[in-house]
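**Student:** What follows is a single structure, and I will ask about it in a moment.
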There are 4 protein chains.
Amino acid sequence: MHERIRASFERQGLMRHLGAELADISPGRVTIVLRSRPEVTQQHGYIHAGATSAIADSAGGYAALSVFPDDAEVLTVEYKINLLAPATGDYLEAIGTVVKSGRTLTVCHLEVFGVQGSERKLVAMGQQTLICLRQDSK
Amino acid sequence: MHERIRASFERQGLMRHLGAELADISPGRVTIVLRSRPEVTQQHGYIHAGATSAIADSAGGYAALSVFPDDAEVLTVEYKINLLAPATGDYLEAIGTVVKSGRTLTVCHLEVFGVQGSERKLVAMGQQTLICLRQDSK
Amino acid sequence: MHERIRASFERQGLMRHLGAELADISPGRVTIVLRSRPEVTQQHGYIHAGATSAIADSAGGYAALSVFPDDAEVLTVEYKINLLAPATGDYLEAIGTVVKSGRTLTVCHLEVFGVQGSERKLVAMGQQTLICLRQDSK
Amino acid sequence: MHERIRASFERQGLMRHLGAELADISPGRVTIVLRSRPEVTQQHGYIHAGATSAIADSAGGYAALSVFPDDAEVLTVEYKINLLAPATGDYLEAIGTVVKSGRTLTVCHLEVFGVQGSERKLVAMGQQTLICLRQDSK
């Protein structure tokens, strides 16, 4: 399961382009880290909501995939995210956690923390719906 | 108003890094375009939901800013987006449209189209809440 | 299709209890009306967001059902709703419109208007995801 | 604070009409209970998503109000809710919990459980944004 997720993550051009890294994989929970740098900012110098959302969406997607059958693929159906505070810090840490996993649909809770030294602050929170695509249904 | 928005967009490191461009600005409606390239893909080769969301979020943000007073700034409070179809095409076109603008909060409708030659397909749709920050309230 | 939807609506104890009525059914678009009365208010005397949401959710659900095969059932997966203005007026009019209908999932746009005499004001707007349940998949 | 919330809840015609009750109030967390009965059902006999949402929305609203200044009022800006399982049981228990409270906006996490005897199952989960209205800003 770890290898499948790592291989899939490597194929995500966007994650590589942003500089995001898979930090932790456990069943039903995946963490992605994004270091602050000028390439991911918005107009005030904070990390862009789009970058924050991108790593949150990927973390939730891989959390869902981690509990799917081996031959299944995952697609995001929709998500909602609240930007709670300016996304600042040395890096962002996005955690996707499976709340409910069904045969077709899975729901994840998304959290993004801004980490500065030893401080860790919740900067975004979301809720995501994903669909499990099986080989035989293609 | 056009100059303010163009200047702010130029300061968004993420939009430049993704290769997104401001395609159209009118009062209450802004269009951002993102060309397909390997740097914005997910694991199946489609454009990543995170990139789709990033340009949708920025389009809505600037649509809101276009109807704000001159000295105001905009922040995204939250948004929700449905990924309706794989994001493919020569480029994506994200349109943010103001639905309701109040003194404090503004709500935008977000649409993202995948454009391939003369075909144009709705690939994502969202709804976004933004807050108007005035100088005197800082 | 009209009869199926009317029969299903009649079985919704909540719609009857609130006093909601099916006002219009066309393929991919359903309208539900709710008259103002003390039984549907919140603490300031406006119509409660819960009542506004209930008719919006039902309108979207029946809009989806109107484009489903005859033997299929509909369930709401999730929805998001913005309360744009106090819900006042002689009655509320909720309109659910299908934006994208797939084999498994359907997405609807939801609008609720407050109608007072000849005035009609958008008081809520939402986006909803529904799932199509077929007999053979039960 | 308890009295203010109880008095406000009493004025909500919808909560009384549905048969909902305030079960618990603590700072930043409010629980509302709704007993199963035919008046709150949808077409399959489960509790209607609209009723589930209504008590979730109210629980979040009062959770926010519980951390506001004494002279402030609360309005729901928007919420998103996932219906995770059919809402069944002897009663539903909706819990609203404040995640982040700012000067203007507050974000709550919403959970609804179906309770049958000693079993308790998560049937819905949501995320809500609320605005604090102060007397002096009216």
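The values are calculated or read from the model by the stated rules, or taken from the named source; none is laboratory data. All values reported here derive from a predicted model rather than from experimental measurement. Neighbour counts run over all protein chains shown; Cβ positions are idealised from the backbone, glycine included. Heavy atoms of the whole protein, side chains included, go into the accessibility calculation; ligands, DNA and RNA do not. Shrake-Rupley method; radii C 1.70, N 1.55, O 1.52, S 1.80 Å.
**Student:** Does residue B:62 satisfy being open to solvent by 10 Å² or more (accessible area, probe 1.4 Å), more than 20 Å from residue D:104 (Cβ to Cβ) and in contact (Cβ under 8 Å) with a residue 12 or more places away in the chain?
**Tutor:** Against the criterion (open to solvent by 10 Å² or more (accessible area, probe 1.4 Å), more than 20 Å from residue D:104 (Cβ to Cβ) and in contact (Cβ under 8 Å) with a residue 12 or more places away in the chain), residue B:62 does not qualify.
**Student:** Yes or no: residue A:71 open to solvent by less than 40 Å² (accessible area, probe 1.4 Å), touching a helix residue (DSSP H, G or I) at 6+ places or on another chain (Cβ under 7 Å) and charged (D, E, K, R)?
**Tutor:** No; evaluated as a whole, the condition is false for this residue.
**Student:** Which of the residues belonging to the stretch C:1-16 are surrounded by 14 or more Cβ atoms within 10 Å (Cβ to Cβ), in a helix (DSSP H, G or I) and of a type outside the set (Gly, Ala, Ser)?
**Tutor:** C:4, C:5, C:9, C:14, C:15, C:16 - these are the residues of the stretch C:1-16 that are surrounded by 14 or more Cβ atoms within 10 Å (Cβ to Cβ), in a helix (DSSP H, G or I) and of a type outside the set (Gly, Ala, Ser).
**Student:** How many of the residues in the stretch C:38-67 are modelled with pLDDT of 95 or more, over 11 Å from the mean Cα position of the chain (by Cα) and among the aromatic types (Phe, Trp, Tyr)?
**Tutor:** Matching residues across the stretch C:38-67 total 0.
**Student:** Looking only at the stretch C:82-101, which residues are closer than 18 Å to residue D:57 by Cα and crowded, with 18+ Cβ neighbours inside 10 Å?
**Tutor:** Scanning the stretch C:82-101 gives C:82, C:83, C:84, C:87.
**Student:** Restricting to the stretch A:70-108, count the residues that are among the acidic types (Asp, Glu) and more than 13 Å from chain B (Cβ to nearest Cβ).
**Tutor:** 4
**Student:** Let me ask another. Of (1) among the aliphatic types (A, V, I, L, M); (2) open to solvent by less than 20 Å² (accessible area, probe 1.4 Å); (3) under 25 Å from residue C:130 (Cβ atoms), residue A:40 satisfies all except one. Which?
**Tutor:** Failed condition: (3).
**Student:** Could you say which residue among B:87, B:72 is over 19 Å from residue B:1 (Cα atoms) and of a type in the set (Gly, Ala, Ser)?
**Tutor:** B:87
**Student:** Under 9 Å between Cβ atoms, at least 6 apart or on separate chains: pull out the pairs that start in the stretch D:6-17 with a residue that is over 14 Å from residue D:60 (Cα atoms) and end on any residue that is basic (Lys, Arg).
**Tutor:** Every condition considered, the pairs that remain are D:10/D:16; D:13/C:37.
**Student:** Pick from the stretch C:7-54 the residues that are of a type in the set (A, V, I, L, M) and facing chain D (nearest Cβ under 7 Å): which of them is nearest to residue C:85 (Cα to Cα)?
**Tutor:** C:49
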